[in-house]
Amino acid sequence: MAEFTTAAEYEAKMNPRIYLESYFHLGSGSLADDFLRFAIGKMHKVFSSGAVKGDTLIDIGSAPSIYQLLSSCEVFNEIIATWFTQSELQQLQKWQNKESDAFDWSSILRHVCELEGNKVTTKEKEEKLRGKIKQVLHCDVSKSNPLAPVEAPKADCVTATVCLEAACKNFEAYGVALRHLSNLLKPNGHLLLAGDLAANYYEVGTEKVFSLPVNEKFLKESISANGYRIIELATFGKPADADPDLSDYEGFYFAHAQKV
């Protein structure tokens, strides 16, 4: 297992703009292409089915990304996005404020709109998401209230994509984080997770960032043991032509669970 990246190191190592440019131009051929299609497709399926909807969705570790929120904005009245470092927050704010040097999400917006039948333009979809994000808060999953000191309304759904594996230094901490996320949910609220399997690190420019190498067996046991009933746990193996240099991951996962 790689050495854990602390909060201070994460702020120093993780250049969010390089991260976005490296992994979030869909169709560029980066290792993220397969993950994005997998995770976005799963999110679209869950939200479009009507199985998960409501007043409030809390996304853990949003900044600087929005791809994971594009389908949820169709079925939730309020989205609370969260950030861990100031540099991440700055990138999200650039997008929110429509600044000229904000990251261009058009390739992912086109993909989501196609999945949804091109009912709206990419610009309309982007504006809808901006309008649904009502708060942007700091998060720390090691705290019993990850949004402390803010007491946010209990959520109908909590999402976390490529987040817990970076935030949790060991498997015990991952279980603790799951219990803390449960504190944000209403009774019977939904938890949606997506991330890499068996990854010890991923690269951002010349820096390596820690990742907890979770596997399917661990996920089943940890989710079930920490206050949830698993509805779906899907995995996708690493493509044969994936670039081995950016991460040592072995595949991806998507989990849908419900608080018990």
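The values are calculated or read from the model by the stated rules, or taken from the named source; none is laboratory data. On a predicted model such as this, the values are computed, not experimentally measured, just so you know. Note that each Cβ is placed from the backbone with ideal geometry, even for glycine, and that neighbours are counted across all protein chains shown. What goes into the accessible areas is simple: the full protein's heavy atoms, side chains included, and nothing from ligands, DNA or RNA. Shrake-Rupley method; radii C 1.70, N 1.55, O 1.52, S 1.80 Å.
Taken about its Cα centre, the chain carries a charge dipole of about 1020 debye when Lys and Arg each add +1 at the Cβ and Asp and Glu each add -1 at the Cβ. With only Cα atoms counted, region 75-202 has Rg and Dmax values of 16.0, 44 Å. If R₀ is 51 angstrom, what is the calculated FRET efficiency for the pair A225 and V120, using the beta carbon separation as r and rounding to 0.05? Efficiency for this residue pair is about 0.80.
If the chain between A240 and R130 were fully stretched, how many nm would it gain, using 0.36 nm times the residue separation less the Cα-Cα distance? Between A240 and R130, full extension yields 35.9 nm more.
The Cα center of region 117-133 and the Cα center of region 182-236 differ in position by 28 Å.
Please calculate how many Å² of accessible area region 112-238 carries per residue, with a 1.4 Å probe and no DNA, RNA or ligand atoms counted. Mind dumping the intermediate values first?
Values: 5650 Å² over 127 residues.
Accessible area per residue: 44 Å².
The slack between E172 and Q90, meaning 0.36 nm per residue of separation minus the straight C-alpha distance, is 26.4 nm. For the chain, DSSP calls about 50 percent of its internal beta bridges antiparallel. Taking GluC sites (Glu not before Pro) across region 132-209, the ones in a DSSP loop with at most 11 further Cβ atoms lying within 10 angstrom of their Cβ are E151. The simple spin-label model puts a point 7 Å past each Cα toward its Cβ; for L233 and A8 those points are separated by 3.7 nm. Centroid-to-centroid, using Cα positions, region 1-46 and region 144-168 are 18 Å apart.
Take each complete run of DSSP H in the chain, measure how far its Cα atoms stretch along the helix's own axis, and keep only those covering 27 Å or more with mean Kyte-Doolittle hydropathy at least 0.0; list them. In the chain, no H run is both long and hydrophobic enough. Straight-line cross-link partners of K128 among the lysines, defined as a Cα under 24 Å from its Cα and at least 8 positions apart when in the same chain: K42, K45, K53, K94, K98, K119, K154. Taking the accessible area of region 7-86, probe 1.4 Å, and keeping the other protein chains in place, the carbon and sulfur fraction comes to 51%. When the Gaussian network model of the chain links Cα atoms closer than 10 Å, the mean-square fluctuations of I58, I133, I231 top out at I231. By a 1.4 Å probe calculation restricted to protein chains, R37 has an accessible surface near 120 Å², given to the nearest 10.
Ranking G131, A173, V158 by how far each Cα lies toward the positive end of the dipole of region 112-174 (charges on Cβ) leaves G131 at the top. Label point 7 Å out from D55 along Cα-to-Cβ: which residues of region 133-170 have amide N under 13 Å? Only 152-157 pass the distance filter.
Helical content of the chain, expressed as a calculated mean residue ellipticity at 222 nm, amounts to -10000 deg cm²/dmol (DSSP H runs of 4 or more residues, -39,500 (n - 2.57) each, divided by residue number, nearest 500). Excluding same-chain neighbours fewer than eight residues apart, the aspartates and glutamates reachable from K13 by a Cα-Cα span under 14 Å are E3, E88, E203, E207.
Estimated at the nearest 10 Å², the accessible area of D248 is 50 Å² with a 1.4 Å probe. For the chain, the average shadow cast by the Cα convex hull is 12.5 nm², which is a quarter of the hull's surface. Sorting V214, V260, V75 by accessible area puts them as V260, V75, V214; the probe is 1.4 Å, largest comes first, and only protein heavy atoms count.
Among the lysines of region 183-260, pairs that are 8 or more positions apart or on different chains and have alpha carbons within less than 28 Å of each other number 10.
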